[in-house]
Amino acid sequence: MSKAYEPHTVQELSAMTGAGLGNWGLGPEASARLISLSENATFLASDPSSGREIVIRVQRLGYSSKEAVLSELAWVNALIKDHAADTAAPVKAVNGDYLVDMQTSEGESRVAVAFEKLNGREPDLTQSDLAHWMRVLGRMTARLHAHARAWQRPAWFTRRRWDFDAMFGPQAYWGSWREAQGLDAQGAEIMEKTLGICRKATDEFGCGSGNFGLIHADLRVTNILADGDRLHLIDFDDAGFCWYLFDFAAALSYLEQDPRFPEFARAWVEGYEEVRKLSARERAMLPYFSIMRRIELSAWCGSHSEVPFAARNGAQVTCDSVRLCRSFLEGKYLDGL
């Protein structure tokens, strides 16, 4: 079980962030409240005297180096400058740096980065317009990919590589899929067979520059904000080098068991193809990437079992993932896409 966000640690991070708001020029009456606990701890900081609000992300220990975070911010700034995405701009500290080193009362060092607060809300999964937002997201993702292909990255740019081994190998970033909560021997056999087929397909597809490059890697519903007729993309913390179309799989995270899943998938593809047409080979890879993502999410819940979402839903995520893998093996998973 992960210990990254035990209750005592969360309290320490909350106190540290609240005490450090002056780093971004917020006044003595400013406060910070935890709004998300996932890979990182994210806080909304508010200053009643000025009305200013910023979002502060406190980095998880051992996940991203300072150089990697600065690389993330370089891409975000380039996307904003080139009008390639509607996203939150990084906010510099009063000393002119993007990264702030802080310490808890127990002397533990943490790195924090701030962003402007955007308006909008996560699309409501119960509403009928989610397919609309998936279409918009597909279109915006295609523009992200076009920017990534053309952008001249700084020589020092470094981000993680999300290839098959990084997801499912012995040193997988999100932990071993075999340690998914509630996974029994039969389920493990089904997942292993599914991954064997996916490994062969991705090996044949390859990692050439045409299909493998810089992507967001986590554009799921919780990382998009609907704001009137606009859609904001947030949280580039997992951005890295992967198959471009893995962004399709990420967009549909935790929606795979929804009866409307095929509708959402088609909407995303329709939006993407408004900008760039997919080849038959690329379309054929979409079910593989989607089921890979689903197994990866099971691994994440297992390795982050202290995070509230994983604690509540981890076993169900695994159960649903095994069922979806069985559907994949039967040739029924996204078969009409």
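Do you know which residues across the stretch 110-131 are at pLDDT 95 or above and either over 30 Å from GLY20 (Cβ atoms) or part of a strand (DSSP E or B) (or both)? Across the stretch 110-131, the qualifying residues are ARG110, VAL111, ALA112, VAL113, ALA114, PHE115, GLU116.
Taking LEU219 as the residue in question, decide whether it is surrounded by 14 or more Cβ atoms within 10 Å (Cβ to Cβ) and in a helix (DSSP H, G or I). So LEU219 does not fit the description; no.
Among residues of the stretch 231-244 that are touching a residue at least 24 places away in the same chain (Cβ under 8 Å), those with a Cβ under 6 angstrom from a residue that is assigned to a strand (DSSP E or B) and of a type in the set (Ser, Thr, Tyr), sequence gap 6+ or separate chain, pair up as LEU233/THR87.
Applying the criterion of being assigned to a loop (DSSP other than H, G, I, E, B) and within 18 Å of the chain's Cα centre (by Cα) to the residues of the stretch 143-169, the residue that is surrounded by the most Cβ atoms within 10 Å (Cβ to Cβ) is ARG159.
The set of residues in the stretch 80-95 that are in contact (Cβ under 8 Å) with a residue 24 or more places away in the chain, within 17 Å of ILE215 (Cα to Cα) and either assigned by TED's automatic domain parsing to the domain that holds HIS304 or more than 17 Å from the chain's Cα centre (by Cα) (or both) comprises ASP82, ALA84. Scanning the stretch 13-40 for residues being modelled with pLDDT of 95 or more and surrounded by 14 or more Cβ atoms within 10 Å (Cβ to Cβ) gives a total of 16. Take the conditions (1) in a loop (DSSP other than H, G, I, E, B); (2) closer than 30 Å to TRP75 by Cα; (3) free of Cβ contacts under 8 Å to residues at least 40 places away in the same chain; PRO259 misses just one of them, which is (2).
Checked against (1) assigned to a helix (DSSP H, G or I); (2) out of contact with any strand residue (DSSP E or B) (no Cβ under 9 Å at 6 or more places or on another chain); (3) surrounded by 15 or more Cβ atoms within 10 Å (Cβ to Cβ), ALA250 passes all but condition (2). Would you check which residues across the stretch 16-66 are polar (S, T, N, Q) and part of a loop (DSSP other than H, G, I, E, B) and list them? Within the stretch 16-66, SER38, ASN40, SER49, SER50, GLN59, SER64, SER65 meet the criteria. Pairs are defined by a Cβ separation below 9 Å, a sequence spacing of at least 6 or placement on different chains, a first member in the stretch 118-130 that is of a type in the set (D, E, K, R), and a second member that is at pLDDT below 75; no pair meets this definition. For the stretch 116-142, taking the residues that are in contact with a Leu (Cβ under 8 Å, 6 or more places away or on another chain) and charged (D, E, K, R), the one that is surrounded by the fewest Cβ atoms within 10 Å (Cβ to Cβ) is identified as ARG121.
The values are calculated or read from the model by the stated rules, or taken from the named source; none is laboratory data. None of the values given here were measured: they were computed from a predicted structure. Cβ atoms come from the backbone with ideal geometry, glycine included; neighbour counts cover every protein chain shown.
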